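Reading through the structure tokens given below for one structure.
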Amino acid sequence: MHVPDGYLGPHTYIPLWILMIPIWAYAARRLSEELRSRQVPLLALSAAFSFVIMMFNVPIPGGSTGHAVGGAIVGIVLGPWAAVISISVALVLQALMFGDGGITAIPANCLTMAVLMPFSAYYIYRIISGKSDILSSRRVAAAAVAGYVSLTLAAGATGFLFGIQPILEQDASGMPLYMPYGLNVTMPAMLIEHVLGFGFLEALVTALIFAYIQKADPSLLIGAMRGPRGNSASSG
Amino acid sequence: MDNKTLRNMLIGLAVLVILTPLGLLAIGETFGEWGNEELKDKIGYVPEGMEKISSLWEAPLPDYALPGFENFSASAIIYIISALLGVAICGGLLYYWGRRVTRNRPD
């Protein structure tokens, strides 16, 4: 899902830079105001974990390979704004140092994997969890569904960005300048492999880590429940 | 987070880092991440804009590898070193920043 340089034209990546810069700035401000000192090691670990988990390429039938992102579990445990910063740091390093994802495509990759993914996962998890006990298995299931759906959403968004390129960017003779495939190819390609394959991987990773934290230190999960501006379930 | 949980998570992360070369075993292509040559094989040409932008940046360790070290054990070691660099830089940056912004907070 790491869009390389050259697949998105300037009519896409320039607006995405303009969109993402204030999102990063706001997320950093929110996090710097709300982060608790006991969460700092977990924040650092989350970015490191996300970086590493993305290196586990897994093949699926049909000849395609892909990986989990970790954006769902980070969004659920640390909250979505923390996840924006954490996953973005991992993605920017991957682009700069390892050429995994393009430089011009940094905001596209951060929008899908570091914004859409943790936010959708966070809200899906909260809706399915309802008022269930923090230690309940319903919450593990909620985390799994959140992982599955959020990765699929991110993949769909990437497919959409790919697929609008032939419409937005053509040369004088109508030839595509960047990603040559349209929505009719990119949407099914990105969605099917994540719906049938990598979504389950993200669900598994999310549920396993969630269940471990439930067992090891559920106070970490109560912290996340406090949510934006410290205004919900627990006073922590 | 208590020290035991932190320690266990660090152990888990270390195990993942050591196992990362498993990710090298996956053979196949990733949709939308083809190189120029691969795309040329697919559609017969490289779109003009793509050709200009695609080599904009030269990463020091492209695809977590060093050109010239292509056998499995060498690529596995470079893959693990890449994972360690990722852990150290991502974790280090956020730890440093997090400590700075929370230094006056009790919890």
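The values are calculated or read from the model by the stated rules, or taken from the named source; none is laboratory data. None of the values given here were measured: they were computed from a predicted structure. We place every Cβ from the backbone using ideal geometry, glycine too, and count neighbours over all the protein chains shown.
General observations
- All conditions but one from (1) more than 8 Å from every other protein chain (Cβ to nearest Cβ); (2) over 13 Å from the mean Cα position of the chain (by Cα); (3) in a helix (DSSP H, G or I) apply to B:ILE78; the one that does not is (2).
- From the options B:GLY98, B:GLY86, B:GLY91, residue that is facing chain A (nearest Cβ under 7 Å) and in contact with a Phe, Trp or Tyr (Cβ under 8 Å, 6 or more places away or on another chain): B:GLY86
- Leading residue by the ranking (farthest from the other protein chains (Cβ to nearest Cβ)) among those in region A:74-112 that are among the β-branched types (Val, Ile, Thr) and outside any helix (DSSP H, G or I): A:THR104
- In region A:60-73, the qualifying residues are those that are within 13 Å of A:TYR148 (Cα to Cα) and surrounded by fewer than 24 Cβ atoms within 10 Å (Cβ to Cβ), and the one that is nearest to the other protein chains (Cβ to nearest Cβ) is A:HIS67.
- A:PHE200 being at pLDDT 95 or above and within 11 Å of chain B (Cβ to nearest Cβ): no
- Flag if A:LEU42 is part of a helix (DSSP H, G or I), surrounded by 24 or more Cβ atoms within 10 Å (Cβ to Cβ) and under 12 Å from the mean Cα position of the chain (by Cα): no
- Test: residue in region B:48-57 that is touching a Pro at 6+ places or on another chain (Cβ under 6 Å) and either in contact (Cβ under 8 Å) with a residue 24 or more places away in the chain or facing chain A (nearest Cβ under 7 Å) (or both): no
- Just one of the listed residues (A:PRO41, A:PRO15, A:PRO10, A:PRO22) is modelled with pLDDT of 95 or more and at the interface with chain B (Cβ under 8 Å from one of its Cβ atoms), and it is A:PRO41.
- Listed conditions (1) in a loop (DSSP other than H, G, I, E, B); (2) more than 7 Å from chain A (Cβ to nearest Cβ); (3) in contact with a strand residue (DSSP E or B) (Cβ under 8 Å, 6 or more places away or on another chain) are all met by B:PHE31, apart from (2).
- Of the set (1) more than 7 Å from every other protein chain (Cβ to nearest Cβ); (2) in a helix (DSSP H, G or I); (3) out of contact with any Cys (no Cβ under 9 Å at 6 or more places or on another chain); (4) not hydrophobic (A, V, I, L, M, F, W, C), all apply to A:SER32 but (1).
- Any hit, region B:35-43, residues being within 7 Å of another protein chain (Cβ to nearest Cβ), out of contact with any His (no Cβ under 8 Å at 6 or more places or on another chain) and either part of a loop (DSSP other than H, G, I, E, B) or over 14 Å from A:LEU93 (Cα atoms) (or both): yes
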